[in-house]
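Data first, discussion second: the structure below is written as structure tokens.
The values are calculated or read from the model by the stated rules, or taken from the named source; none is laboratory data. If you're wondering where the values come from, they're calculated on a predicted model, not measured in any experiment. Cβ coordinates were reconstructed from backbone atoms using ideal geometry, including for glycine residues, and neighbour counts include every protein chain displayed. Only protein heavy atoms, including side chains, enter the accessible area calculation; ligands, DNA and RNA are left aside. Shrake-Rupley method; radii C 1.70, N 1.55, O 1.52, S 1.80 Å.
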Amino acid sequence: MPGHIRGKKISQMIANAVSTLLSGLCQVGKKSAPVLAIAGLVMMSGAVLLPVTAAHAEEMPNIIAAPTISVDEESLAPVTTDSYGISLYGDLKYGPDFRHFDYVNPDAPKGGTLVNSSVVAFDTLNPFTLKGTAASGLGLMYDSLMVGSADEPSSHYGLIARSIEYPADRSFAIFHLDPRARFQDGTDITAEDVVFSFNILMEKGSPYYRQYYGQVDTVKAIDDLTVRFDFKPGNNRELPMIVADLAILPKHYWEGRDFSKTTFDPPVGSGAYKIQSIEAGRRITYERVKDYWAADLPVSRGSNNYDIIRYDTYRDLDVERQAFFAGEYLVRSEHSSREWNTAYNTPAIENGQIKKEFLPDNLPNGMQAYVFNTRKPLFSDRRVREALQYAFDFEWLNRSMFYGAYKRNVSYFANSELAATGLPTGEELGILQGFKSQLPPELFTEPPHLPNFDPPNGRREALRHSIKLLQEAGWELRDQELVNSKTGEPFRFELIIRQPGLEKIALVLKARLRQLGVTLDIRLIDTGQWVNRIQAYDFDMTTFWWQQSLSPGNEQQIFWSSAAANQPGSRNFAGVSSPVIDELIGLVIDANDRETLVQRVRALDRVLQWGFYVIPQYYLGGDRMAYWDVFGRPDTIPLKGTSVMTWWIDPEKSRKLNKGGY
């Protein structure tokens with residue numbers, strides 16, 4: 001601050017203080033004391049003040065100057081950081097003036113039609129509640145306060161919020177909204193809409209939101225463009241980014257409507273796409289918002305390139321695949337290794353009209369598995385769950401049915417540095433030793449492992465070990481049937497699946513279980529029934545894939561915590577309820593740096609593995625993508641994998657194949 005300006009400010013401060021003091025003196029002695037006259041000049045730090053005259057000096061009180069106090073300049077530094085972006089750990093990759101993400105083409109043409117397939121026979125356009133089955137693609141309609149970067153482990157940049165303000169301990173977050181932000185009907189997005197969005201999701205949305213945002217204490221609008229989230233005590237560095245992902249809903253639209261009910265009324269959104277038309281249960285079509293306010297923001301530039309995006313529903317997976325070959329939709333992710341190796345030999349592939357490629361990613365694969373519902377007494381004993389793992393012959397399946405495409409999924413964070421392997425050491429070991437009396441002894445002496453039937457006598461030894469564990473748990477073989485030693489009740493359970501292609505694999509599991517005397521019933525149901533049953537925990541066993549990020553955090557509570565075990569709508573389908581796991585989740589959330597996070601996640605992973613909550617299956621480590629050659633694509637594939645939303649329809653290719661909307 002220039003000296004003369006600083007001097008004027010100090011002068012004004014002193015003058016105000018003297019005025020207040022004199023006013024007080026006059027009030028104290030108002031019956032006898034005259035109003036103090038002021039004349040003359042006194043210089044102080046460049047300030048000009050008028051002193052009391054000699055005639056009144058005797059009437060002045062003896063005022064002693066206060067001592068000078070030194071002030072550390074660091075204490076005057078801002079108590080919060082106000083930034084265009086935020087990272088969980090470390091620095092942001094992109095600077096404040098960045099123009100676009102590196103993994104997009106900022107000059108990508110806008111236009112064309114992207115047609116996708118879906119297996120969802122939807123009956124609602126509200127994706128935020130448990131009621132009904134929501135249509136595919138509804139996320140296109142809603143923007144969030146900030147956007148995650150796909151080429152950083154965990155960083156967010158402003159979208160509806162132009163900046164975020166937070167203290168060093170991240171105990172609160174203040175979002176400053178972009179004054180240009182508006183909903184699809186042209187109404188301004190305000191802080192009240194943010195508060196409304198949070199409250200309506202917590203009060204009437206899926207229980208998932210009450211778990212995910214459970215550490216938020218209060219939310220309030222400071223003014224029209226400023227909203228503050230205060231967090232409950234703790235050390236969860238991720239909370240500002242968790243609330244930054246909040247989908248913003250229009251208060252003016254939803255007030256007066258029942259948010260908890262299913263609906264086919266197209267809602268007003270905040271995102272780049274709005275609903276153009278629907279055919280209930282069969283098809284939904286979105287159109288790009290022509291005057292989308294954020295189209296030229298750095299986080300949006302090069303994305304949202306299609307004029308039209310459509311989802312067509314197919315109830316049969318084989319019919320869905322054949323429809324792709326016929327050109328009914330344009331891009332497909334293939335999940336069957338057999339079909340990938342045998343079915344993609346059509347003329348369109350041979351002449352190059354359809355491109356087929358494997359796109360690797362660098363993400364943790366998570367856990368794809370047969371899931372035990374441990375709420376059921378049948379699966380409450382850890383020894384029983386371990387014994388049944390020996391019924392899954394991965395090596396034979398991979399050779400005979402999967403064309404050697406897969407790797408065994410031992411870890412809940414496979415394909416990443418977060419996976420627990422070998423024996424625990426270092427910081428991970430120190431963490432686990434704090435719970436040693438509550439953990440199985442072999443966790444400290446044996447590396448995580450799964451049965452391998454390939455060695456000589458491998459199958460016989462595995463079966464012998466399984467029978468031993470089952471006997472210890474109170475089961476025995478009678479006439480080739482496994483029964484409860486006390487009640488005589490046979491060991492029988494049901495596996496529910498929603499994809500016909502999984503039935504063949506399940507039949508192999510059934511045959512191996514039969515060798516143990518266990519009866520497995522396989523039931524194929526449609527997607528809607530499957531979703532309803534797993535959300536209500538109405539199953540014995542099912543298949544599920546828990547996907548993980550590079551920076552695990554709050555979502556682990558929804559996956560594995562005791563609080564989520566009996567909360568409908570959570571992702572704790574296995575019913576995991578362990579004080580040790582609860583504490584480890586807390587440690588993961590509280591991690592202050594990347595290396596600490598890695599060690600704590602490994603400890604959590606190891607305890608989950610030794611809990612035998614699932615029968616792990618396998619993972620691929622990327623995507624099998626097939627697509628009609630009408631697309632343009634960015635040159636760079638980001639850390640978190642490719643996204644079709646950064647592709648575009650190439651007009652020339654589209655016209656050549658008569659697909660893609662040109």
(request) Could you tell me whether the stretch 471-480 includes any residue that is touching a Leu at 6+ places or on another chain (Cβ under 6 Å) and part of a strand (DSSP E or B)? (result) yes
(request) State whether the residues of the stretch 273-282 include one that is more than 26 Å from the chain's Cα centre (by Cα) and aliphatic (A, V, I, L, M). (result) yes
(request) Would you mind stating whether residue 608 is open to solvent by 20 Å² or more (accessible area, probe 1.4 Å) and in contact (Cβ under 8 Å) with a residue 40 or more places away in the chain? (result) no
(request) Being under 16 Å from residue 311 (Cβ atoms), open to solvent by less than 20 Å² (accessible area, probe 1.4 Å) and either free of Cβ contacts under 8 Å to residues at least 60 places away in the same chain or of a type in the set (A, V, I, L, M) (or both) is the filter here, so list the residues in the stretch 120-149 that pass it. (result) 125, 135, 138, 141
(request) Collect the residues in the stretch 556-573 that are closer than 23 Å to residue 364 by Cα and of a type outside the set (Gly, Ala, Ser), keeping them in residue-number order. (result) 556, 557, 558, 559, 560, 571, 572, 573
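Residue by residue through the stretch 198-208, note down the ones that are in contact with a helix residue (DSSP H, G or I) (Cβ under 8 Å, 6 or more places away or on another chain) and farther than 18 Å from residue 133 by Cβ. Working first, answer last.
Taking the stretch 198-208 as the starting set, the residues that turn out to be in contact with a helix residue (DSSP H, G or I) (Cβ under 8 Å, 6 or more places away or on another chain) are 198, 200-202, 208.
Scanning the stretch 198-208 gives 198, 200, 201, 202.
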(request) Just need a number here: residues in the stretch 171-191 that are farther than 21 Å from residue 288 by Cβ, surrounded by fewer than 20 Cβ atoms within 10 Å (Cβ to Cβ) and touching a helix residue (DSSP H, G or I) at 6+ places or on another chain (Cβ under 9 Å). (result) 2
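Could you count how many residues in the stretch 493-539 are part of a loop (DSSP other than H, G, I, E, B) and either surrounded by fewer than 18 Cβ atoms within 10 Å (Cβ to Cβ) or among the hydroxyl-bearing types (Ser, Thr, Tyr) (or both)?
Quick first cut of the stretch 493-539, residues part of a loop (DSSP other than H, G, I, E, B) only: 498-500, 516-518, 525-526, 536-539.
Remaining after also requiring either surrounded by fewer than 18 Cβ atoms within 10 Å (Cβ to Cβ) or among the hydroxyl-bearing types (Ser, Thr, Tyr) (or both): 499-500, 525-526, 536-538.
Number satisfying all stated conditions: 7.
If I ask for residues that are within 21 Å of residue 189 (Cβ to Cβ) and open to solvent by less than 70 Å² (accessible area, probe 1.4 Å), which ones from the stretch 250-269 would you list? Steps first, answer last, please.
Let us first name the residues in the stretch 250-269 that are within 21 Å of residue 189 (Cβ to Cβ), namely 250-257, 259, 265-269.
Within the stretch 250-269, 250, 251, 253, 254, 259, 267, 268, 269 qualify.
Report those helices (runs of 4 or more DSSP H) wholly inside the stretch 227-337 carrying at least 3 residues which are more than 17 Å from residue 198 (Cα to Cα). Break it down into steps so the answer makes sense when it comes.
Working: elements: 239-244, 251-254, 317-325.
Once the helices (runs of 4 or more DSSP H) in the stretch 227-337 are filtered for at least 3 residues that are more than 17 Å from residue 198 (Cα to Cα), what remains is 317-325.
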(message) Among the residues that make up the stretch 132-151, is at least one of them over 29 Å from residue 640 (Cα atoms) and assigned to a strand (DSSP E or B)?
(response) no
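Which count do you get for residues in the stretch 398-441 that are of a type in the set (A, V, I, L, M, F, W, C) and within 25 Å of the chain's Cα centre (by Cα)?
Our first condition is that a residue be of a type in the set (A, V, I, L, M, F, W, C); within the stretch 398-441, this holds for 401-402, 405, 410, 413-414, 418-420, 423, 429, 431-432, 435, 439.
Pick out the ones that are also within 25 Å of the chain's Cα centre (by Cα) and you get 410, 413-414, 418-420.
Here the count works out to 6.
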(request) Looking for whichever is among the hydrophobic types (A, V, I, L, M, F, W, C), at pLDDT 95 or above and in a loop (DSSP other than H, G, I, E, B) here; the options are 405, 420. Which one fits? (result) 420
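Does residue 562 qualify as being of a type in the set (Ser, Thr, Tyr), surrounded by fewer than 23 Cβ atoms within 10 Å (Cβ to Cβ), at pLDDT 95 or above and touching a Ser or Thr at 6+ places or on another chain (Cβ under 6 Å)?
Values: of a type in the set (Ser, Thr, Tyr): yes; surrounded by fewer than 23 Cβ atoms within 10 Å (Cβ to Cβ): yes; at pLDDT 95 or above: yes; touching a Ser or Thr at 6+ places or on another chain (Cβ under 6 Å): yes.
For residue 562, the condition - of a type in the set (Ser, Thr, Tyr), surrounded by fewer than 23 Cβ atoms within 10 Å (Cβ to Cβ), at pLDDT 95 or above and touching a Ser or Thr at 6+ places or on another chain (Cβ under 6 Å) - is met.
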(message) Between 300, 333, which is under 22 Å from residue 657 (Cα atoms) and either out of contact with any Phe, Trp or Tyr (no Cβ under 6 Å at 6 or more places or on another chain) or in contact (Cβ under 8 Å) with a residue 40 or more places away in the chain (or both)?
(response) 333
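When the stretch 359-401 is examined, which residues are found to be aromatic (Phe, Trp, Tyr) and open to solvent by less than 50 Å² (accessible area, probe 1.4 Å)?
Narrowing the stretch 359-401 to residues aromatic (Phe, Trp, Tyr): 370, 372, 379, 390, 392, 394, 396.
Listed by number, the residues that qualify are 370, 372, 379, 390, 392, 394.
Between 247, 272, 280, 295, which is closer than 30 Å to residue 551 by Cα, open to solvent by 50 Å² or more (accessible area, probe 1.4 Å) and of a type outside the set (Asp, Glu)?
Working: 247 fails: open to solvent by 50 Å² or more (accessible area, probe 1.4 Å); 272 fails: open to solvent by 50 Å² or more (accessible area, probe 1.4 Å); 280 fails: closer than 30 Å to residue 551 by Cα.
Exactly one of 247, 272, 280, 295 is closer than 30 Å to residue 551 by Cα, open to solvent by 50 Å² or more (accessible area, probe 1.4 Å) and of a type outside the set (Asp, Glu), namely 295.
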(request) Could you please find all residues in the stretch 411-428 being closer than 20 Å to residue 580 by Cβ, of a type outside the set (Asp, Glu) and crowded, with 17+ Cβ neighbours inside 10 Å? (result) 411, 412, 413, 418, 419, 420, 424
(message) Looking at the stretch 92-111, can you tell me whether even one residue there is closer than 22 Å to residue 269 by Cα, assigned to a strand (DSSP E or B) and out of contact with any Cys (no Cβ under 9 Å at 6 or more places or on another chain)?
(response) no
